[in-house]
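Structure record follows, encoded as structure tokens.
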Amino acid sequence: MHEDDLTPPAGYSAVPPEPASEQWVHAEPRRFGGRAKLLSWIGAIVGLLLLVLLAVYLSHNAASSSGGGQGGGRHRGGGGGGGGRGGGGPGGAAQPTTVGTAKAATADLPITAEALGTVTPAATVTVIPQVSGTITQILFREGQLVHKGQTVAIIDPRPYHALLLQAQGALIRDKAQLENARILLGRDQTLLKQDSIARQDVDTQAALVHQLEGTIVVDQGAVQTAQINVGFTNIVSPVAGRIGLRVVDIGNYIAAGTTTGVAVVTTLQPIDVEFAIPQQQAPAIQKRVAQGANIPAIALDSTRTTTLDTGRFSTLNNQVDPTTGTIKGKARFGNGNFQLFPSQFVNVRLTIDTVANAVTVSPSAVRSGPDGSFVWLLKPDRSVTERKVKTGVQTADKVQITDGLAVGDTVITDGGDRLTEGAKVSLPGDKPAAGGKGGGRHRRSGGAG
């Protein structure tokens, strides 16, 4: 190695240069001028506009390609004139709306009134003893059906038999006295004719006879009272019905006229249902009652699906409740199967009248518009037209048409929301249009070519 190799090259300095980072740290930051800022804003706005235009172009191109793809397929399939026929056929126009239809027909429609009612027994009687005494027998079971006049309990009758004997004995005694007084009066009257007795004695004897006759009447009343009391020792049901829970037992002493009584009997056959109807329906019911018609009534359960019993309308109350605007009514039911129970809530349906041979359609066929009710009428050429109608009585599945339709007219029941005046429709049983099949054949032939 030579000495020249150890000599540093020219321009070499032993002091190392400062790092570049330290030069940038100490350098003052460069600021943009006003013109540079304006250009940057303009560039940003232009870029945003280009993005918006690109998005609109792409979306329009996608829609055109989807619509033109179908048309293009048809043009390619038919070629030339064939493509023109395909575009004008059913494939190029809007397809007819599939609808459901029904014909207007005649039917008997009932005019009904429905209300919520409460079952009310025809009679509810507390069996109260008429005499006091000790209960010796209980002749009923709780919940048993009893007949009118059936004995349900017995009070010890011996004290009342004794009172009856006393009354009968007094009657016999007074009858004997009356008989003796009458004999004496007859003798006195004979002596008076012979002028052998004073008239005053005869009149006194006659008054005694009348007095004893009154005593006999009193005695007869006492005997009848004692007999009635003896009969009251047998406590009987005053009405027919179902007997409730007993409140006394054998050996209890019960007083005459006690409010709790022995038991309560409720009449279940027949039974009534009380209900309230709007006052607007009262005139129609009163009109039918004045004509002597029997208005049928049906008692339904809470769901209005099960018939509990059938009966007839009884009467309306004599005034309207001003707080509710309703009037109370009552219907009577036979309750042969004991389906109605006191205080039970039921739905009552009254058939006030019946409209015979009414023109009816399905409720789904009648629609509401700005000018009132209307239906879509189906023409023979499978087009529809709007027909204004007037409705009457309506039931769950039928509506009376009083004006605007005739029997046999075909109306739209399903799909009417999508129709316009003169629109073409198709029925569920219709076959596809012939143009659609032709287009398919053109497409197959075009593909083969």
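Throughout, read-outs are computed from the coordinates displayed, never taken from laboratory work. Every value quoted in this text rests on a predicted model; they were computed, and no experiment measured them. No Cβ is skipped: glycine too gets one built from the backbone with ideal geometry, and neighbour counts run over all protein chains shown.
With the charge dipole of segment 96-216 set up from +1 on Lys and Arg Cβ and -1 on Asp and Glu Cβ about the Cα centre, the Cα lying farthest toward the positive end among the listed residues Val146, Gly186, His161 is that of Val146.
Lys and Arg at +1, Asp and Glu at -1: add these up for the other residues within a Cβ distance under 12 Å of Lys175 and post the number.
Local charge sum for Lys175: -2.
Counted residue by residue at 0.36 nm each, then reduced by the alpha carbon distance between them, the extension gain from Glu179 to Thr303 reaches 36.8 nm. The lysines within cross-link reach of Lys37, meaning a Cα-to-Cα straight distance under 27 Å and a gap of 8 or more places when in the same chain, come to none at all.
Suppose R0 equals 41 Å; then what is the FRET efficiency for Gln130 and Asn318 from their Cβ-Cβ distance, rounded to the nearest 0.05? Can you show the working numbers first?
Details: r = 35 Å, r/R0 = 0.85.
Once rounded, the FRET efficiency stands at 0.75.
So if R0 is 30 Å, what FRET efficiency would Asn234 and Phe338 give, r being the distance between their Cβ atoms, rounded to the nearest 0.05?
On the way: r = 28 Å, r/R0 = 0.93.
Rounded to the nearest 0.05, the efficiency is 0.60.
The distance between label points at Leu48 and Thr420 comes to 4.0 nm (points 7 Å beyond Cα on the Cα→Cβ vector). Potential lengthening of the chain between Gln269 and Gln189 amounts to 22.1 nm, from the contour at 0.36 nm per residue minus the alpha-carbon distance.
Magnitude of the charge dipole for segment 264-419, about its Cα centre and with charges confined to Cβ atoms of Lys, Arg (+1) and Asp, Glu (-1), is about 200 debye. The lysine pair tally for segment 272-410, using Cα distances under 27 Å and a gap of 8 or more places or different chains, is 9. For Val361, the residues 5 or more places off, or on other chains, whose built amide H falls under 5 Å of its own are Val399, Ile401.
Computed from phi, the 3J(HN,Hα) profile of segment 262-277 under the Karplus parametrisation 6.51, -1.76, 1.60 (θ = phi - 60°) reads 9, 6, 10, 10, 10, 7, 10, 9, x, 9, 10, 10, 9, 8, 10, 10 Hz, with x in place of Gly and Pro. Annotation for Thr395 and Val247: the two label points, set 7 Å from Cα along the Cα-Cβ direction, are 4.9 nm apart. For segment 282-291, the Karplus equation 6.51 cos²θ - 1.76 cosθ + 1.60, evaluated at θ = phi - 60°, returns couplings of 5, x, 5, 5, 5, 4, 5, 5, 5, 7 Hz by residue, with Gly and Pro reported as x.
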